[in-house]
Ligand SMILES: NC(=O)c1ccc[n+]([C@@H]2O[C@H](COP(=O)([O-])OP(=O)(O)OC[C@H]3O[C@@H](n4cnc5c(N)ncnc54)[C@H](OP(=O)(O)O)[C@@H]3O)[C@@H](O)[C@H]2O)c1
């Protein structure tokens, strides 16, 4: 199938990360011109043909820098992939332990970064937005309260925005991955294993079985990128307001 991405322009945030990096490489392989933004531009990202922006997307200066680069380097944005998010450095405790600061930082990272980047790029946006949520938005007790809640807000925002932008021809969809082996887990995994009194490597190998992932294994960043690239492409031209779960069968309810 031809995804019809040759010559299209794309902005990808969290482009140095596991999932974002795979999306950048997949888009380039399809012939797209890509601008990749991250707090730190990794060597791997530098080795691609993507134009890069090194910016903290939790700051208004960082978002403005990204907007300026998108305008000057790409002219317009056919596809925006909002990948910024995660659990880095945030308290994994239960409700009594969680401060307002933790909640606020979680929402800045997992919700507001996506909202602000989308708003800033709106005048340049031509075809599609894909927001990276999580299976935890569907199954909140499988992660920290603030993670499921802030990502569920992102998923709800995406659904509403699909309605707002549909009439001007811009589609908005969400992906909800689970258990994708990326650097996110190098930071989050040891904290989970410590809390459970388990060895990190043991936890990582047991986790898919323990939480009953139907396919019995971790997913790869490429497997997430494949779905994101499809959703962002003209080949998915009649898909908007959707949420694609990429979890190896983890979620057992409709
Ligand atoms: N991996 C999974 O199992 C999984 C499952 C469901 C959903 N997700 C979601 O997928 C997305 C990507 O995650 P990943 O697994 O690819 O994680 P990752 O490999 O840790 O990549 C995240 C990237 O985002 C960057 N970043 C963080 N804060 C930023 C900021 N303020 N401004 C600019 N860049 C920033 C990080 O930079 P630093 O390294 O400098 O922090 C990192 O390069 C996240 O939204 C995550 O919640 C992941």
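Just so it is clear, none of the values below were taken in a lab; they were calculated from the coordinates. The structure presented is a predicted model; accordingly, all values stated were derived computationally and were not measured. Quick reminder, even Gly has a Cβ in these numbers, built from the backbone with ideal geometry, and neighbours come from all protein chains shown.
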Query raised in the report: Relative to the longest principal Cα axis of the chain, at what angle does helix 60-69 sit, 0 to 90 degrees, rounded to 10?
Result: 40
Report summary line: Relative contact order in percent for the chain (Cα pairs under 8 Å, 6+ apart) equals 21
Report summary line: In whole angstrom, the spacing between the Cα centers of segment 152-204 and segment 1-56 equals 19
Requested in this report: May I ask you to order 25-36, 99-110 by the average number of other C-beta atoms within 10 Å around their residues, highest value first?
Outcome: 25-36, 99-110
Report summary line: Tilt, helix 200-210 to longest principal axis of the chain (alpha-carbon atoms), in degrees rounded to tens, equals 80
Requested in this report: On a 0 to 90° scale, report how tilted helix 221-232 is relative to the longest principal axis of the chain, with both axes built from alpha carbons and the result rounded to the nearest 10.
Outcome: 40
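When the helix-only estimate is applied to the chain (DSSP H runs of n ≥ 4, each -39,500 (n - 2.57), divided by the residue count), what is the mean residue ellipticity at 222 nm, nearest 500 deg cm²/dmol? Intermediate results must be reported in sequence, preceding the final value.
Values: 9 runs with 101 residues, N = 254.
Per the formula, -12000 deg cm²/dmol.
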